[in-house]
1. Check whether at least one residue in the range 56-63 is of a type in the set (Asp, Glu) and part of a helix (DSSP H, G or I), and report yes or no.
2. Every residue in the range 95-114 that is over 12 Å from residue 55 (Cβ atoms), touching a residue at least 24 places away in the same chain (Cβ under 8 Å) and not in a helix (DSSP H, G or I), please.
3. Any chance you could count how many residues in the range 28-55 are part of a loop (DSSP other than H, G, I, E, B) and farther than 15 Å from residue 13 by Cα?
4. Restricting attention to the range 111-127, which residues are at pLDDT 85 or above and buried (at least 16 other Cβ atoms within 10 Å of the Cβ)?
5. Just checking, does the range 70-87 include any residue being exposed (fewer than 13 other Cβ atoms within 10 Å of the Cβ), of a type in the set (Lys, Arg) and either over 17 Å from the mean Cα position of the chain (by Cα) or within 23 Å of residue 114 (Cβ to Cβ) (or both)?
6. Just give me the residues in the range 9-52 being farther than 23 Å from residue 94 by Cα and loosely packed, with under 15 Cβ neighbours inside 10 Å, in sequence order.
7. Any idea which residue in the range 1-43 is modelled with the lowest pLDDT, counting only those that are farther than 18 Å from residue 87 by Cβ and among the β-branched types (Val, Ile, Thr)?
8. Out of (1) of a type in the set (Gly, Ala, Ser); (2) over 17 Å from residue 84 (Cα atoms); (3) surrounded by 15 or more Cβ atoms within 10 Å (Cβ to Cβ), what's the single condition that is false for residue 55?
Amino acid sequence: MICPHENAAIGMAHGYYLGTGKVQAVMVHTNVGLANAACGVINLANSNIPVLIFGGRTPISEHSHFGCRNTPIGYGQEMRDQAALIRESVKWDFELRLADQIGEHVDRAWAIASLPAERAGLPELTA
């Protein structure tokens with residue numbers, strides 16, 4: 001489902017979990033998208049609500065790779081440690097740098113999110 005804002009997306013995932021008991025997933029834009037979602041992520045963590053958070057990243061290469069940094073916006077959106085925005089409220093975070101890592105790490109994030117909460121938090125995966 002496409003949402004007009006990250007706050008709405010997080011809130012909908014929170015509510016859907018409360019209604020179904022199923023782990024949810026939310027994808028947000030790089031830096032400002034995750035920043036917009038941060039308050040909702042803290043609420044999720046404090047309520048022990050499992051949601052996978054997928055935060056976009058800027059390209060990692062200047063050329064030669066699909067999706068390389070070929071426009072100036074890639075420089076303005078770069079953050080050194082994007083996951084730091086929510087790290088204290090998550091169970092696990094991992095930054096994907098290669099597409100072939102997606103399957104195994106999404107599976108791991110889902111497994112971690114599905115575990116009973118030892119402390120408030122949820123997995124955050126940046127790609």
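The values are calculated or read from the model by the stated rules, or taken from the named source; none is laboratory data. Please read these numbers as outputs of a predicted model, since none were measured by experiment. Cβ coordinates were reconstructed from backbone atoms using ideal geometry, including for glycine residues, and neighbour counts include every protein chain displayed.
1. no
2. 97
3. Step one: list which residues in the range 28-55 are part of a loop (DSSP other than H, G, I, E, B), which gives 29-31, 47-50.
When the remaining residues are screened for being farther than 15 Å from residue 13 by Cα, the result is 29-31.
Summing the residues that are part of a loop (DSSP other than H, G, I, E, B) and farther than 15 Å from residue 13 by Cα in the range 28-55 gives 3.
4. Across the range 111-127, the qualifying residues are 112, 113.
5. No, the conditions are met nowhere in the range 70-87.
6. Within the range 9-52, 15, 18, 19, 20, 21 meet the criteria.
7. By that ranking, first place goes to 2.
8. (2)
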